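Just so it is clear, none of the values below were taken in a lab; they were calculated from the coordinates. Here the structure is a predicted model, which means the values were calculated and not measured. Ideal geometry is used to build each Cβ from the backbone, glycine not excepted, and the neighbour counts take in all protein chains shown.
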Amino acid sequence: MKPTAGRKFVRKLFPALLLLPLAAGCAQSGPTANTAAEPIDPPPAEYEQAMLQETESMLHSTSAQNPDGAASASTQNLDDAASTELQSDQAVQAQTQPDADTQQDSSDKDELTVYLQDRNGYIAPMTLRVGSEDSADRTPEETAVTWMTSNSESADQLPPGFSPLLPETTKVTSIQSEDGTVTIDFASPFPSVPANQERKMIEALVWTMTELPGVENVKITVDGQALRELPASGLPLPETLSRNMGINLEQASGLTVSQSMAVTLYFSARSEQGEGYFVPVTRLVNRQPDRNQAALQELIKGPLDEKKLQPVLTEGVTVENITTKEDTVVASLLDPGWEPEMEIPSETMQALVLTLTEASGDPKASITFNGTAEFTDTDNRSYDEPVDRPTYINALSR
């Protein structure tokens, strides 16, 4: 959806968002060299390890609850468990259908979402419109890895300020997709990047592959052997990876690591050109009984990095209720400063839909403000019916 300028009844408490046009559908005015990213401080090692431990515990728990669903031939418990992860803890893109006004096969649109590093060091999705020369004789997985690999030919065709995570020396032997799992086999040696970039590189690979329809898991191998430890940082890896590993990790204040859980939130960021885009951030918070509620509460709190990310909701918003119904997560919000005749920024609604569907695993979201769904956003879209999770995030033309 293309964001539009604010209108008469747009709520006054959202002015910053209205000055931040999201990049969906916006074409760049020509090739521009990428700017070097300023690395953000990586989270402490114990938090990275906690995330991996949570991933493995979720996999084991799911396997125990669904013993008949195991499809892996491996005798390792982790591998067996990983093959039966619940949809609620995985990428929901496999369930998502395009919006009614854009519904068509992705191959017809020639669009592909890859995760790149922005100028602030965050990993963010960018949906590129690829040409026939990019996809000729290549699978979507192969095309995605090509765009994620640094090379002089594609550098000027990426969005300004964004760069691939895989170095130019990367050599991929094969990419296979079977039963919801993509296996990427690298030729030895595994791509060499600084230790603080290794996890980001894996995040980008996993989140890019799980954007593809039907893909839920990713395996990383080197010369046919599972990569179980990153070479520079020594960070251990499960043999089967999913979005449970998180992206752009951060921790809430006062966190008790042993009692933590992860929620992925979507905040806004701005490019050097003033264009807006969404950044997913996985925040470790103290464990709570309702993941959906926790995600929404953290979204309301806003980003921890206020210099590089912008909030999408005001702190005056509160959560009245969150439930799930069939394939839809239903959220009821209260906002004392909002009235039905006021339009809500489309950025706010998109961030809500992305965050809620990511947390719940449902492909649709139904959102009400002050007990009503009779409102429109600044794209003139109504919300009186459940809406699909956006099929393409941060869509840009090269």
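For segment 106-242, the relative contact order works out to 21 percent when only alpha carbon pairs closer than 8 Å and six or more residues apart are counted. By the count of other C-beta atoms within 10 Å, a proxy for reagent exposure, 127, 139, 149 are ordered fewest to most as 139, 149, 127.
Starting from the Cα gyration tensor of segment 164-298, take the square roots of the eigenvalues, sort them a ≥ b ≥ c, and report rounded, prolate or oblate (rounded when a/c is under 1.5, otherwise prolate if a/b is larger than b/c, else oblate). Taking the square roots of the gyration eigenvalues as a ≥ b ≥ c, segment 164-298 is prolate.
The residue among 336, 280, 394 whose Cα reaches farthest toward the positive pole of the charge dipole of segment 243-398, with charges on the beta-carbon of Lys, Arg, Asp and Glu, is 280. When the square roots of the Cα gyration tensor eigenvalues are ordered a ≥ b ≥ c, the ratio a/c for segment 106-242 is 1.5 or more and a/b does not exceed b/c, which makes its shape oblate. Computed from the C-beta positions of residue 188 and residue 301, the FRET efficiency with R₀ = 51 Å rounds to 0.70.
As a proxy for reagent exposure, ranking 166, 354 by other Cβ atoms within 10 Å from fewest up yields 166, 354. Overall, the anisotropy analysis places segment 249-392 in the oblate class: the square-rooted eigenvalues a ≥ b ≥ c of its C-alpha gyration tensor yield a/c not less than 1.5, with a/b not exceeding b/c.
Counted residue by residue at 0.36 nm each, then reduced by the alpha carbon distance between them, the extension gain from residue 229 to residue 110 reaches 39.3 nm.
Each of residue 176 and residue 272 was given a label point 7 Å from its Cα along the Cα-to-Cβ line. The distance between the two points is 4.3 nm. What the Cβ-Cβ distance of residue 137 and residue 195 gives, at R0 = 41 Å and to the nearest 0.05, is a FRET efficiency of 0.70. Loop-located trypsin sites (Lys or Arg not before Pro) in segment 273-348 (DSSP state other than H, G, I, E, B) with a sparse environment of at most 15 neighbouring Cβ atoms within 10 Å: 287, 307. Taking other Cβ atoms within 10 Å as a rough exposure proxy, 348, 357 sort from fewest to most as 348, 357.
Nearest 0.05, what FRET efficiency do residue 321 and residue 255 give at R0 = 45 Å with Cβ-Cβ as r? That pair, residue 321 with residue 255, gives E of 0.95. Legend: distances between Cα atoms for 171/200; 171/219; 171/307; 171/308; 200/307; pairs beyond 26 Å are 171/307; 171/308.
The alpha carbon centroids of segment 208-284 and segment 287-328 are separated by 19 Å.
Take every pair of alpha-carbon atoms less than 8 Å apart whose residues are at least six positions apart; their mean separation over the length of segment 249-392 yields a relative contact order of 20 percent. For residue 395, the residues 5 or more places off, or on other chains, whose built amide H falls under 5 Å of its own are 24, 25, 127.
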